[in-house]
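The next block holds one structure in the form of structure tokens; read it before the comments.
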Amino acid sequence: MREEMGNIIDTQQSNNEELQNTNDELLSSSEELQSLSEELETSKEELQTTSEELLVVNQELMGLNVHLTRAKEYAEAIIYTVRTPLLVLDSFLRIITANRSFYTTFHVHQNETEGKLIYDLGNRQWDIPVLRQILEEVLPQKIKLIDFEVRHNFPVIGKRVMILNGCEIVGESAREKLILLAIEDITEEKLLLNKEAEFKQQLQEQIAQRTSELKEANIGLKQKNEEIAVSNSVLGERNDDLLKLNKELESFTYVSSHDLQEPLRKIQMFSKLILDKEEASLSEKGREYFARIQDAAARMQTLIEDLLNYSRTNVTDRKFEYTDLNEIVEDSKTEFAEIILEKKAVIETDKLCKIRINASQFRQVINNLIANALKFSRTDIPPRIVFSSRVESGALLKKEYKFPGAERLLPGVQYCHIRVADNGIGFESKYREQIFEVFQRLYTKDEFPGTGIGLAIVRKIINSHGGAITANGEVNKGATFDIFIPET
């Protein structure tokens with residue numbers, strides 16, 4: 001019994017130990033499970049953090065993909081709109097894409113371009129040996145095509161000069177290697193450059209020819225200058241002789257005029273005495289003869305005075321000063337006051353120029369013109385004389401007026417253009433030059449008294465002022481005198 005109880009106790013004790021061991025194992029397993037649970041919790045947190053990071057990365061990738069899509073669209077838009085023809089080739093030199101400018105320039109279509117070898121494109125117009133060699137070296141040797149010039153006769157567009165630029169680019173796949181090829185037509189520029197080169201060459205030839213001609217001309221000019229120098233020397237001597245002759249002639253004219261006037265005065269004086277004291281003893285015919293003697297003597301005296309005036313225009317004091325022409329015209333109106341009143345004449349003046357002249361000589365010009373207008377007036381209407389003036393350039397006057405003496409007008413000089421117009425009997429245009437010559441008369445002395453020297457004096461004075469004069473007229477419609485005097 002005791003043995004059985006002892007066995008039972010041992011068995012119970014053994015079971016208790018096993019239970020204790022099992023309990024220890026369970027406790028240990030519980031602790032391990034607790035640890036695993038904690039590790040799982042930690043892994044869960046790490047997985048959650050990684051998931052969040054992946055989500056952020058995914059969003060960034062999506063954003064980059066949008067940017068890349070926009071960049072691609074932007075690049076495609078640029079390629080489409082740019083005016084330079086562009087091609088994208090694959091590694092086998094097949095055309096992946098081309099822009100609009102390429103199709104319009106080379107007259108090809110998209111469906112017959114994309115996917116074709118560049119050499120087969122458009123009746124093999126791009127099958128150019130030198131181009132083939134260069135393109136086949138771009139990808140293998142990673143070279144860039146820079147300003148490569150191609151001259152080719154294209155079947156459709158004719159002879160062209162093209163500049164090619166190309167380089168390697170990466171396709172949608174990083175492994176995909178492509179070639180971007182830009183083609184610029186510089187044919188017109190080359191033509192312009194060639195024309196410019198030809199023009200420069202022609203210009204250089206012309207310059208060389210002109211230089212040679214100028215050298216020859218300079219040699220001729222030098223010889224001419226030497227001849228002119230000799231001629232000037234001779235001319236100077238002749239001028240001295242001419243001055244001496246002029247002085248002698250002036251002295252002769254002056255003395256002759258005085259010597260002529262002395263017997264003339266005696267003729268006038270004695271004929272007047274005879275008529276005054278012996279008129280009663282003279283017959284009618286005798287009185288008529290003495291009247292003719294007096295008339296002839298008076299005309300002779302006028303002629304001598306006019307000759308003196310004509311000769312004195314060369315020796316008169318050449319003092320020039322700015323003078324108002326209105327004042328000279330007013331002085332002349334005063335001098336001719338009686339005949340103006342007698343003929344009921346009207347003299348009109350616009351605002352006339354103020355010019356640098358010899359006032360004494362120019363007063364004689366105005367006097368002679370007014371005297372002519374009054375003398376050659378019509379009997380049916382009162383005389384009307386109009387003075388006007390304006391400043392004009394010599395270049396314009398030379399174009400507008402063609403008359404002997406117009407060559408005296410200088411293009412670079414401003415002139416006071418004085419016009420004197422009347423409503424008298426006028427004259428035929430064919431006499432427009434004759435009236436300025438000495439002793440030239442259009443009418444007899446019985447029709448109109450005078451010596452025919454007045455207008456010759458006018459022209460001589462105008463010429464001495466560096467100017468010119470011309471006249472126009474129409475019978476019974478008046479005469480117009482145009483005078484041109486340098487403004488300064």
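The values are calculated or read from the model by the stated rules, or taken from the named source; none is laboratory data. Remember, it's a predicted structure, so these values are computed and weren't measured experimentally. Neighbour counts run over all protein chains shown; Cβ positions are idealised from the backbone, glycine included.
So which of Ile385, Ile418, Ile435 ends up being at pLDDT below 85, surrounded by 20 or more Cβ atoms within 10 Å (Cβ to Cβ), under 46 Å from the mean Cα position of the chain (by Cα) and within 28 Å of Pro486 (Cα to Cα)? Of the residues listed, the single one that is at pLDDT below 85, surrounded by 20 or more Cβ atoms within 10 Å (Cβ to Cβ), under 46 Å from the mean Cα position of the chain (by Cα) and within 28 Å of Pro486 (Cα to Cα) is Ile435. When you scan the range 356-374, do you find a residue that is without any contact (Cβ under 8 Å) to a residue 12 or more places away in the chain and exposed (fewer than 14 other Cβ atoms within 10 Å of the Cβ), even just one? No, there is no match, as no residue in the range 356-374 is without any contact (Cβ under 8 Å) to a residue 12 or more places away in the chain and exposed (fewer than 14 other Cβ atoms within 10 Å of the Cβ). When Ile207, Ile163 are screened for being closer than 30 Å to Arg100 by Cα and at pLDDT 80 or above, only Ile163 passes.
Restricting attention to the range 152-169 and to residues that are under 14 Å from Ile183 (Cα atoms) and among the β-branched types (Val, Ile, Thr), the residue that is surrounded by the most Cβ atoms within 10 Å (Cβ to Cβ) turns out to be Ile163. Restricting attention to the range 270-287, the residues that are surrounded by 11 or more Cβ atoms within 10 Å (Cβ to Cβ) and assigned to a helix (DSSP H, G or I) add up to 8. Among the residues making up the range 388-415, those that are under 30 Å from Val346 (Cα atoms) and under 33 Å from the mean Cα position of the chain (by Cα) are Ser389, Arg390, Val391, Glu392, Leu397, Glu400, Tyr401, Phe403, Tyr415. Every test in (1) of a type outside the set (S, T, N, Q); (2) under 30 Å from Val413 (Cβ atoms); (3) out of contact with any helix residue (DSSP H, G or I) (no Cβ under 8 Å at 6 or more places or on another chain) is passed by Val346 save one, and that test is (2). Listed by position, the helices (runs of 4 or more DSSP H) enclosed by the range 95-160 that each have at least 2 residues that are in contact with a Leu (Cβ under 7 Å, 6 or more places away or on another chain), hydrophobic (A, V, I, L, M, F, W, C) and at negative phi are 129-138. Of all residues in the range 401-419, those that are over 14 Å from Ser388 (Cα atoms) have Cβ atoms under 7 Å from Cβ atoms of residues that are outside any strand (DSSP E or B) and acidic (Asp, Glu), 6 or more apart or on another chain, in Pro404/Glu433; Gln414/Glu487. Can you name the residue in the range 395-412 that is in contact with a strand residue (DSSP E or B) (Cβ under 7 Å, 6 or more places away or on another chain) and over 24 Å from Arg363 (Cα atoms) and is also surrounded by the fewest Cβ atoms within 10 Å (Cβ to Cβ) among such residues? The extreme case among them is Phe403.
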